[in-house]
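Any read-out appearing in this document is the output of simple, stated calculations on the displayed coordinates, not a laboratory observation. Worth saying up front: this structure is predicted, and the values here are computed from it rather than measured. Please note: Cβ atoms are built from the backbone with ideal geometry, for glycine as well, and neighbour counts cover all protein chains shown.
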Amino acid sequence: MSKLHSSRRNFLKMWASAGLGLAAPMTLPLVSNAQELPAYEGPYYIVFNAAGGWDTTYLMDPKGIDGINRLYEQGEILAEGNHRFAPTAEHKQGGMSNEEFFAEFGKELLVFNGLDYSVNNHAPCSRYMATGKLDSLAYPTFAALVAACQGPACPLSFLTFGNYSATGNLVAMSRVPYLPSLKRIASADAIDGNERAPYHDDFALSRIEQALADKQDSLDSQPLLPRRERAENILYAAQVNSKSLLRITPHIPKEIPQARLARQAEVALASFKAGVCVSANLSIGQFDSHSNNDKDQMKLIPELLEGVAYVLHRAEELQIREKLVVIIQSEMGRTPNYNNGNGKDHWSIGSIMFIGPGIKGNRVIGATDDKQFAVPFDPKTLNTSAEEGIRIRPEHIHTSLRQYAQILDHPHSQKFPLGVAEAEQLQGFWA
C-alpha cells in the first residue's frame with residue numbers, strides 16, 4: 001500500500017501546484033471499485049470577461065454623435081436584424097470585426113444595454129458583475145454557484161482563468177492555465193502525463209483500486225474524527241477523480257492555439273466534453289483604456305469576439321454546442337468623452353450579451369440615451385419607460401440567470417439572496 005499512498009500523494013501535490021482544489025464533499029458518494037464518476041452532461045456555462053472596462057459604443061451600443069466616438073459617425077452605424085453596432089472592419093487590429101460577428105451570431109444573440117453598475121471602481125464592479133452582490137465579499141460568482149448546484153462532484157466543476165472568482169465556499173476553484181497542465185492532470189497515473197509510461201500496469205492498478213474501495217467501505221462503518229474523515233474522503237476522491245479525468249485526454253488538441261482566449265477555451269471545452277466540468281470563467285485584460293482608447297479597444301474588442309467565435313465553433317466540432325451557455329460581459333464601460341490622453345475613463349453604465357439554448361436571439365433590450373446614460377426600463381414589458389421604468393443593475397441580471405439555470409430556489413442560491421423584489425424581476429427576459 002505504500003506505493004498507493006505515494007502515488008496518491010504525488011497526485012494531490014500536482015493538483016495543489018496547479019492551484020486546483022479537489023471537488024471532494026465531506027460525504028463523497030461511493031463508487032463501486034473506484035469507478036469513475038458519471039459524466040456531467042450539461043448544460044455548460046462560459047463567462048467571458050473583458051477585464052478593465054470595454055467601450056460599448058464601439059460594439060453593441062453605438063452612438064457616433066457629439067464626439068462620443070472618433071472612428072465613425074452616426075450615419076455609419078450598421079445593423080444586422082435588430083442589432084445595431086459600430087463599424088470596425090476598417091479599424092480592427094486582427095481578430096473578428098463587429099460586421100463578421102453580428103452577421104454570424106446575431107440571430108442567436110441577446111443584448112442588454114443600459115446596465116447600471118452603480119459604481120465605477122474596478123474591484124467592486126468586478127465583484128458586482130460576477131456575483132450580483134455589490135456590498136459583500138462572501139457571495140459566489142454565478143459560474144461557481146451554478147457549478148455547485150448542478151455538478152458539485154465534478155473533478156473540475158468550476159474552472160477559472162482570472163478575474164473575480166469567489167466561490168462562497170460552495171465548490172472547489174480549479175485553475176489549469178495550460179493545455180500541457182491539463183494533460184498531466186488528466187493522466188496523473190502516468191509519468192509526466194505520458195500514457196505509455198504508467199506508474200502501474202492494469203493488473204496492479206485494479207488491485208490497488210479494489211484495496212482502496214475495500215478500505216473505504218470499512219471506514220464507512222467506523223466513527224472517525226472530522227479531520228480524519230475528510231482526509232480519507234479526499235484520498236478516495238483522488239482515485240475516483242483520477243479515473244474520471246482520463247476522459248479528457250481524447251479531447252485535448254495536439255496543437256496549442258496561439259490566441260489567449262482560445263487557449264483557455266480548449267481547457268474548458270475538453271473538460272466539458274469529458275463531463276468533468278460545469279462552468280468556466282474566461283478572461284482577457286487591458287481594456288482599461290485611459291489613454292489611446294480607440295487603438296486599444298480596436299485591438300481588444302475584435303480579440304474578444306474572435307474568442308467567443310472560437311468557443312462556439314469548437315463546441316460545434318465537439319458536439320456540445322446545443323448545451324453551451326455563453327455570457328459576455330465587462331465590469332464597466334467607458335466615458336462618453338475623451339480625456340487629454342485620447343483615452344476614456346471609467347463609466348458606470350454598460351452592456352451584457354448572451355447566447356445559449358432557450359435564449360431567444362436577434363434581440364436588443366434596454367438602452368442608453370444620446371449622452372450614454374441608462375434609460376429607465378420596465379421589467380414587466382421589457383421596454384424603456386421613463387414613467388414605469390427602473391434602473392437595471394447586476395442583481396436583476398443575476399436573478400434572471402439563476403432562473404434560467406433553474407437554481408433560483410436551490411439551497412445554495414437561498415444562502416446568497418440577491419434581494420430583487422418580484423415586481424422588479426425581468427419577465428420573459430430569455431424568451
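Miscellaneous remarks
- Within the shell of other residues whose beta carbon sits under 15 angstrom from the beta carbon of PHE429, the net charge comes to +1, with Lys and Arg scored +1 and Asp and Glu -1.
- Highest-first arrangement of 150-163, 302-315, where packing means the average Cβ count within 10 Å: 150-163, 302-315
- Neighbourhood net charge (12 Å Cβ-Cβ; Lys/Arg +1, Asp/Glu -1) for GLU317: +1
- Taking other residues whose beta carbon is less than 14 angstrom from the beta carbon of ALA148, and scoring Lys, Arg as +1 and Asp, Glu as -1, yields +2.
- Here the dipole of region 287-386 is about 240 debye; that uses its Cα centre as origin and unit charges on the Cβ of Lys and Arg (positive) and Asp and Glu (negative).
- Label positions at LYS371 and GLU41, each projected 7 Å from the Cα along the C-beta direction, are separated by 5.5 nm.
- Taking the average, over residues, of other Cβ atoms within 10 Å as the packing measure, peptides 414-421, 246-253 rank 246-253, 414-421 from highest down.
- According to the Kirkwood relation over distinct C-alpha pairs, the hydrodynamic radius of region 72-139 is 14.7 Å.
- Amide H contacts of VAL325: TYR44, TYR45, ILE46, each under 5 Å away and 5 or more positions distant or on a separate chain (H built 1.01 Å from N in the peptide plane; Pro and chain starts excluded).
- Taking the convex hull of the alpha carbon positions in region 303-431 and averaging its projected area over all directions gives 10.3 nm².
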